[in-house]
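Student: Pasting a structure here, questions to come.
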Amino acid sequence: MFEKSFITDCEGPLTLNDNAFEISAKFIEDGGELFKVLSLYDDYLVDIVKKENYKAGNTLKLILPFFVVENLSNSDFIDFSKNNIYAVSDSKFLLEYLKEAMNTYIVSTSYGQYIEAVSDYMEVPFENTFYTEVDMDSIQLNDEEIQKVKEFKELILDNPDDYELFDDIFFGQIAKMGIYDKIRDIEVVGGQGKKLAIDKIIERDGIGTDEILYIGDSITDVEPLDFARKNNGISISFNGNEYPLKVAEIAVVSPSAVTTAVIANVYAENDRQKVLEFIEDYNISQDLKKLFDDYNIDEKIRDRFFSVFADDYPLIQVVTDENYEDILKVSKEMRNNIRGQDIGGLG
């Protein structure tokens with residue numbers, strides 16, 4: 001057991017996927033568009049309405065009736081996930097380094113079938129992951145309900161901005177179906193759910209609240225990033241949109257996870273203040289190779305970093321009111337470039 005814990009979201013910092021979006025696009029006609037509409041509705045309920053007992057990432061629950069209509073099973077989720085993992089460059093390299101440096105966890109809103117596939121691919125123990133547990137084989141609709149859900153899908157696609165309609169569909173009509181109890185009881189690991197996962201990790205590892213590094217990229221990471229920052233841990237937005245950038249102390253904009261490895265290396269061997277000093281020096285240094293030597297950056301990380309970045313070095317900055325807009329612009333550009341606009345545009 002190490003003195004510090006590295007806790008990362010999956011989709012964004014480690015993989016380029018949005019697994020639930022991709023399943024929707026693959027198995028549901030117009031499913032990609034349906035998922036994007038529901039994702040915006042999810043953001044609205046979290047960010048604008050601040051709906052009570054509603055967690056960021058609940059799109060994964062909203063989409064379930066439409067999966068059931070297509071008769072999707074656990075095996076469909078598993079097979080698709082195993083065959084469609086797209087990793088962020090050097091994410092395996094990062095996780096390999098972390099095995100010898102920090103306690104390492106993946107805390108993801110994604111379905112467990114996908115996270116199990118990723119944990120196998122990335123060689124991270126599955127017991128060191130947190131995820132949204134969904135048993136597709138146990139969720140069923142009768143024929144009349146299937147027809148209604150098909151009608152709901154067309155209404156949603158025809159009226160993508162009518163959130164009063166959506167309220168009636170999801171919290172009125174679907175709430176009266178037999179499927180609702182099973183969907184309601186699903187614990188989505190997003191937002192506050194991720195914060196609760198961090199609480200469990202801190203207790204499990206016997207570390208202080210100031211001995212964690214959390215990295216995320218979306219609205220589901222706001223609460224854990226805010227917790228890490230307020231408790232003097234390390235909070236990083238990795239190619240994030242506006243949601244994580246508003247609360248994270250550090251922004252990383254990079255096509256490669258080796259940049260994360262640099263920060264993780266400094267933190268593993270030192271403390272939060274040393275990380276902030278490194279970032280300050282990184283942004284004024286005229287000789288980054290000497291800087292890496294001065295901070296005793298691991299040789300493998302150093303070599304990989306300068307192999308990936310010949311001279312166009314990645315952005316690593318402390319987020320301030322003054323630089324927020326500039327960082328957000330390049331961060332969203334990188335997010336869309338490496339993940340695609342459909343996935344990059346999701347909250």
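Student: In segment 183-195, which residues are in a helix (DSSP H, G or I) and surrounded by 16 or more Cβ atoms within 10 Å (Cβ to Cβ)? Can you show your working first?
Tutor: Initial filter on segment 183-195 (in a helix (DSSP H, G or I)): 183-184, 192-195.
Matches in segment 183-195: I183, Q192, G193, K194, K195.
Student: Considering only residues that are within 11 Å of F6 (Cα to Cα) and part of a helix (DSSP H, G or I), which ones fall in segment 95-112? It would help to see each step written out before you state the result.
Tutor: In the first step, residues of segment 95-112 are kept if they are within 11 Å of F6 (Cα to Cα); the result is 95, 98-99, 101-107.
Correct list: L95, L98.
Student: If E52 meets every condition in (1) within 30 Å of I202 (Cβ to Cβ); (2) assigned to a loop (DSSP other than H, G, I, E, B); (3) of a type in the set (D, E); (4) at pLDDT 95 or above apart from one, which number is that one?
Tutor: For E52, the exception is condition (4).
Student: Still on this structure: Looking only at residues in segment 116-155 that are outside any helix (DSSP H, G or I) and of a type in the set (F, W, Y), which one is nearest to Y97 (Cα to Cα)?
Tutor: In the first step, residues of segment 116-155 are kept if they are outside any helix (DSSP H, G or I); the result is 123-125, 129-135, 139-142.
Those left that are additionally of a type in the set (F, W, Y): 130-131.
Working: F130: 21, Y131: 23 Å.
Among those that are outside any helix (DSSP H, G or I) and of a type in the set (F, W, Y), it is F130.
Yes/no per residue for (1) under 30 Å from M1 (Cα atoms); (2) in contact with a strand residue (DSSP E or B) (Cβ under 6 Å, 6 or more places away or on another chain); (3) among the hydrophobic types (A, V, I, L, M, F, W, C):
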position: P160; (1), (2), (3): no, no, no
position: Y163; (1), (2), (3): no, no, no
position: G178; (1), (2), (3): no, no, no
position: D199; (1), (2), (3): yes, no, no
position: D205; (1), (2), (3): yes, yes, no
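Student: For segment 214-312, which fully contained helices (runs of 4 or more DSSP H) count at least 3 residues that are surrounded by fewer than 24 Cβ atoms within 10 Å (Cβ to Cβ) and touching a strand residue (DSSP E or B) at 6+ places or on another chain (Cβ under 7 Å)? Can you show your working first?
Tutor: Details: elements: 222-230, 242-245, 258-269, 272-282, 288-294, 299-308.
Result: 272-282.
Student: Out of everything in segment 36-57 that is free of Cβ contacts under 8 Å to residues at least 40 places away in the same chain and in contact with a helix residue (DSSP H, G or I) (Cβ under 6 Å, 6 or more places away or on another chain), what residue ends up being nearest to N74 (Cα to Cα)?
Tutor: If we filter segment 36-57 for residues that are free of Cβ contacts under 8 Å to residues at least 40 places away in the same chain, which is where we start, we get 45, 48-54.
Narrowing further to those that are in contact with a helix residue (DSSP H, G or I) (Cβ under 6 Å, 6 or more places away or on another chain): 51, 54.
Values: K51: 30, Y54: 25 Å.
Among those residues, the one meeting the criterion is Y54.
Student: Are any residues in segment 6-38 in a helix (DSSP H, G or I) and either at pLDDT below 95 or touching a strand residue (DSSP E or B) at 6+ places or on another chain (Cβ under 7 Å) (or both), and if so, which ones?
Tutor: Pass one, segment 6-38, residues in a helix (DSSP H, G or I): 19-27, 31-38.
N19, A20, listed by residue number.
Student: Please determine whether any residue of segment 2-19 is farther than 30 Å from F227 by Cα, within 20 Å of the chain's Cα centre (by Cα) and surrounded by 19 or more Cβ atoms within 10 Å (Cβ to Cβ). Let's see the steps before the verdict.
Tutor: So in segment 2-19, the residues farther than 30 Å from F227 by Cα come out as none.
No - not one qualifying residue is present in segment 2-19.
Student: Out of segment 296-333, which residues are of a type in the set (F, W, Y) and under 22 Å from R229 (Cβ atoms)?
Tutor: Applying the first criterion (of a type in the set (F, W, Y)) to segment 296-333 yields 305-306, 309, 313, 324.
Of everything in segment 296-333, just one residue is of a type in the set (F, W, Y) and under 22 Å from R229 (Cβ atoms), namely Y324.
Student: A follow-up question, please. Of all residues in segment 289-336 being farther than 21 Å from A268 by Cβ and aliphatic (A, V, I, L, M), which is farthest from the chain's Cα centre (by Cα)?
Tutor: So, considering only residues that are farther than 21 Å from A268 by Cβ and aliphatic (A, V, I, L, M), the one farthest from the chain's Cα centre (by Cα) is A310.
Student: Also, quick follow-up: Please specify each residue of segment 81-94 satisfying the condition of being in contact (Cβ under 8 Å) with a residue 60 or more places away in the chain and surrounded by fewer than 21 Cβ atoms within 10 Å (Cβ to Cβ). Outline the logic, then answer.
Tutor: If we filter segment 81-94 for residues that are in contact (Cβ under 8 Å) with a residue 60 or more places away in the chain, which is where we start, we get 81, 84-91, 93-94.
Those that are in contact (Cβ under 8 Å) with a residue 60 or more places away in the chain and surrounded by fewer than 21 Cβ atoms within 10 Å (Cβ to Cβ): N84, I85, Y86, A87, S89, F93.
Student: So D161 ticks every box in (1) part of a helix (DSSP H, G or I); (2) more than 30 Å from L196 (Cα to Cα); (3) without any contact (Cβ under 8 Å) to a residue 60 or more places away in the chain but one. Which box is left unticked?
Tutor: So D161 meets the others, but not (1).
Student: Among the residues of segment 204-212, is there at least one that is in contact with a Pro (Cβ under 6 Å, 6 or more places away or on another chain), closer than 17 Å to Q273 by Cα and buried (at least 24 other Cβ atoms within 10 Å of the Cβ)?
Tutor: Checked against the condition, which is being in contact with a Pro (Cβ under 6 Å, 6 or more places away or on another chain), closer than 17 Å to Q273 by Cα and buried (at least 24 other Cβ atoms within 10 Å of the Cβ), segment 204-212 yields no hits at all.
Student: Name the pairs: first residue in segment 220-241 and within 20 Å of V330 (Cα to Cα) and modelled with pLDDT under 95, second residue small (G, A, S) and in a helix (DSSP H, G or I), Cβ to Cβ under 7 Å, at least 6 apart or on different chains?
Tutor: Filtered contacts from segment 220-241: no entries.
The values are calculated or read from the model by the stated rules, or taken from the named source; none is laboratory data. Here the structure is a predicted model, which means the values were calculated and not measured. Neighbour counts are summed over all protein chains in view; Cβ atoms, including those assigned to glycine, are modelled from backbone coordinates with ideal geometry.
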